[in-house]
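Down below is the structure, laid out as structure tokens.
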Amino acid sequence: MKDILQDIVAHTHALGFLELIKISNDKETVIESMTDTRSVILNAKTHQKVDEFSGTFGMPNLDKLSLHLKNPEYKEYAKINIVNEDRDGEIVPTHMHFENDKGDFQNDYRFMHKSIIEQKLKSAKFKGATWNVELTPSIPSIHRFKLMNAAHSEETVFTVMTHGTDLIFAFGDSGSHAGQFVFQNNIQGSLKKELCWPISEIHSILNLTGDMTMSISNDGVMKLSVDSGFAQYDYICPAQIK
């Protein structure tokens, strides 16, 4: 239980821009989240259904959950239980109870009711796209992205384009300090136009550990998929106007 919770927090809260998630646990465990501006929409599924979860509920204040999971009192042993209660004739998950091995250090982390999370985090259903460019980002390419980001810290978006078989990331423009680099050589496919994405969000996702793939569509959407071993996290990022 602790492992999957740490994995969820690492792929949401740790990014710095996802602070509220929705858990749906019917035939499979689905995790959803998005930024306030919908610059990133997360759709994830665990590889194995999390039997401890039930129904649909929200997990707010992920910083507090992260602190509980990092608490040294729960490092060697943590008893973590999902507590369900009767609310108007319906059994719903209300909170998560943490307890150390001696039972003398306890915390409760409260869930958000289904009706509230569904109002606050209305599902943005991704209808799919034709992926014109697909690749596996390499560690050197991600490192070069970091270097270019540091050199152009004043920029908020970067431009993605193809030239021949090269996928190119460009920062700035002709009216400012500018730079570009080849993110990937020998790609299959091409982009018909230049598209822009937010630097900070993409940078944070690229820093995640796990098997990662990047897909880009001429329809103006990028998908970064990260398989952590516990779940596959799909980050859908609509292109932005520069």
Run down I187, I205, I168, I236 and say which single residue is out of contact with any Gly (no Cβ under 8 Å at 6 or more places or on another chain), aliphatic (A, V, I, L, M) and either assigned to a helix (DSSP H, G or I) or on the phi > 0 side of the Ramachandran plot (or both). I205
Can you pull out the residues in the stretch 18-38 that are modelled with pLDDT under 95 and touching a helix residue (DSSP H, G or I) at 6+ places or on another chain (Cβ under 6 Å)? E19
Of all residues in the stretch 1-20, which are open to solvent by less than 30 Å² (accessible area, probe 1.4 Å) and either more than 15 Å from V226 (Cβ to Cβ) or part of a helix (DSSP H, G or I) (or both)? I4, L5, D7, I8, V9, L15
Residues of the stretch 58-117 being out of contact with any strand residue (DSSP E or B) (no Cβ under 8 Å at 6 or more places or on another chain), open to solvent by 20 Å² or more (accessible area, probe 1.4 Å) and part of a helix (DSSP H, G or I), in sequence order, are D63, L67, K70, P72, E73, S115
Result of the Cβ filter at 7 Å on the stretch 171-187, keeping first residues that are closer than 21 Å to P140 by Cα and partners that are among the basic types (K, R), at least 6 apart or interchain, is F181/R144
Among the candidates L195, L167, which residue alone is under 25 Å from the mean Cα position of the chain (by Cα), closer than 12 Å to L135 by Cβ and open to solvent by less than 40 Å² (accessible area, probe 1.4 Å)? L167
Condition met for F145 (aromatic (F, W, Y), open to solvent by less than 70 Å² (accessible area, probe 1.4 Å) and not in a strand (DSSP E or B)): yes
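The values are calculated or read from the model by the stated rules, or taken from the named source; none is laboratory data. Keep in mind that what you see is a predicted model, and the values were worked out from it rather than measured. All Cβ positions, even for glycine, are placed from backbone atoms using ideal geometry, and neighbour counts span all protein chains on display. Only protein heavy atoms, including side chains, enter the accessible area calculation; ligands, DNA and RNA are left aside. Shrake-Rupley method; radii C 1.70, N 1.55, O 1.52, S 1.80 Å.
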